[in-house]
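The values are calculated or read from the model by the stated rules, or taken from the named source; none is laboratory data. Computed from a predicted structure; not experimentally measured. Here the Cβ positions follow ideal geometry from the backbone for every residue, glycine too, while neighbour counts run over all protein chains shown.
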Amino acid sequence: MTVATALLSYLVATRLLAIVQTFIDISVPRELEPLILALLIGVVADYSLFYLYAFRRRLGEGEARLDAARLATADYSKVILVAGLTVLTGLVVSLALTPALIAVLGRFVFWPNKLDSAVRDHERPPTFVATVNIRGPCRCPSGAGTQARGLPSKQWIRHTARGSC
């Protein structure tokens, strides 16, 4: 039931986005569709659990099916409405306040860090260094997994993917 509800909400959301696109000059990239689906599955599954829990509890207390459904809806509709309004508020703040603060604060939004000169000059996007160590250092004779910093080499990824360590 929850998956069917999530898929129905996805269909409604994609149709609504198509309608909004005709009135407002925006386009939703096709790459966002999996993200929209994942978010809707999570939200619908989460909110459905509230109703299902209350419905099961009411049935266990001996309520009739329709009465249990009505009471479960009455129990949790306000909670779900408040949660939805909270998410909507976060969206509005993200769309309005965040860009305004970026415009007002400028480079100070990155405080206490300083801007990298290459990023400031738009020469390259920022890069991140990560340490990848899931199962500990490689102790095999080839020494393929001995990199300590940075992203793992292709040789190390192929080596560990074969399960040699």
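Quick notes on this structure:
- Residues (under 23 Å from Leu81 (Cβ atoms) and either surrounded by fewer than 15 Cβ atoms within 10 Å (Cβ to Cβ) or among the polar types (S, T, N, Q) (or both)) located in the range 20-37: Val20
- Where a residue in the range 15-39 is part of a helix (DSSP H, G or I) and its partner, wherever it lies, is at pLDDT below 85 and of a type outside the set (Ser, Thr, Tyr), with Cβ under 7 Å and at least six apart: Leu17/Val28; Gln21/Val28
- A single member of Ser94, Ser77 is surrounded by 10 or more Cβ atoms within 10 Å (Cβ to Cβ), more than 23 Å from the chain's Cα centre (by Cα) and either in a helix (DSSP H, G or I) or at positive phi (or both), and it is Ser77.
- Check on Ala72, assigned to a helix (DSSP H, G or I) and in contact with a helix residue (DSSP H, G or I) (Cβ under 7 Å, 6 or more places away or on another chain): yes
- Residues in the range 55-69 that are assigned to a helix (DSSP H, G or I) and more than 20 Å from Ala4 (Cα to Cα): Arg57, Arg58, Leu59, Gly60, Arg65, Leu66, Asp67, Ala68.
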